[in-house]
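Note sheet for the following structure.
Readers should treat all values here as calculations from the given coordinates under stated rules, not as data from a laboratory. None of the values given here were measured: they were computed from a predicted structure. For neighbour counting, all protein chains shown are included, and Cβ atoms are generated from backbone atoms with ideal geometry for every residue, glycine included.
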Amino acid sequence: MKIISTNNAPGAIGPYSQGYEINGLIYTSGQIPVDPATGNIPEGIAAQTEQSCKNVGAILEAAGSGFEKTFKTTCFLANMEDFTAFNEVYAKFFTSKPARSCVAVKELPKGVLCEIEAIALK
C-alpha cells in the first residue's frame, strides 16, 4: 500500500489520506471543490463540479494515473436538482464514461454542492 499525496489537490480536512495505491489500483478520497492554491470554494454547481474534477485529476496524476484510467466514480450532490448541470461538467473530464453512482445527500463538508471520489488503474 502506498499513500498518495499532492499539493495540487486540497489537503485532508480530517484523519484520512487524499488517496491510496493498492495492487495497481488508485482509490481517491472524496474531493470537494476547494481550490488548493487559495482555499476558496467557487460559487454554483458548474464551477464546483469543475474544481472537484480537477482535484480528483490531480490525485490521479500524482499516482501515475488519469481520468482515462478511471473505471468507477461515486458522486455526491447536495441537491439532485443539480444533476443535469453536474453531468455537463463531469462529462468533460470523465470522457471514458466510468461506472458511476450519484446520490443526493443531506449535507457535504464546508456546505459545498458536490463531492467526487474515483477508483482507477495505475
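A Förster distance of 25 Å, applied to the separation of the beta-carbon atoms of N79 and N40, puts the FRET efficiency at 0.75. Once you have a ≥ b ≥ c as the square roots of the Cα gyration tensor eigenvalues for region 1-54, tell me rounded if a/c is under 1.5, and otherwise prolate or oblate according to whether a/b is larger than b/c. It comes out prolate by the Cα gyration axes.
Cα centroids of region 1-74 and region 89-122: 10 Å apart. Other residues within the sphere of radius under 13 Å centred on the Cβ of P33, judged by their own Cβ, net out at -3 (K and R +1, D and E -1). Sequence-distant contacts, meaning Cα pairs under 8 Å at least 6 residues apart, place the relative contact order of the chain at 33 percent. Take S17, project a point 7 Å from its Cα along the Cβ direction, then tell me which residues of region 51-65 have their backbone nitrogen under 14 Å from it. Of the residues in region 51-65, 59-60, 62-64 have backbone N under 14 Å from the label point off S17.
The GluC sites (Glu not before Pro) of region 28-122 that meet both conditions, a loop assignment by DSSP and at most 14 other Cβ atoms within 10 Å of the site Cβ, are E43, E107.
Compared with the dominant principal axis of the Cα atoms in the chain, helix 45-62 is inclined by about 0°. Between K2 and V105, the distance separating the two model label sites (each 7 Å from Cα on the Cα→Cβ line) works out to 2.8 nm. Radius of gyration (Cα atoms) of the chain, expressed as a multiple of 2.2 N^0.38 Å: 0.96.
In the chain, helices alone account for a calculated mean residue ellipticity at 222 nm of -7500 deg cm²/dmol, with every DSSP H run of four or more residues adding -39,500 (n - 2.57). Are there cysteines in the chain with no other Cys C-beta under 4.7 Å, and if so, which? C53, C114, each lacking another Cys Cβ under 4.7 Å. Angle between the Cα long axis of helix 83-93 and the longest principal axis of the chain, 0 to 90 degrees, nearest 10? Between the helix axis and the principal axis of the chain, the angle is about 30 degrees. Site pair K122 and E61 shows an inter-label distance of 2.0 nm when each label is modelled 7 Å from Cα along Cα→Cβ.
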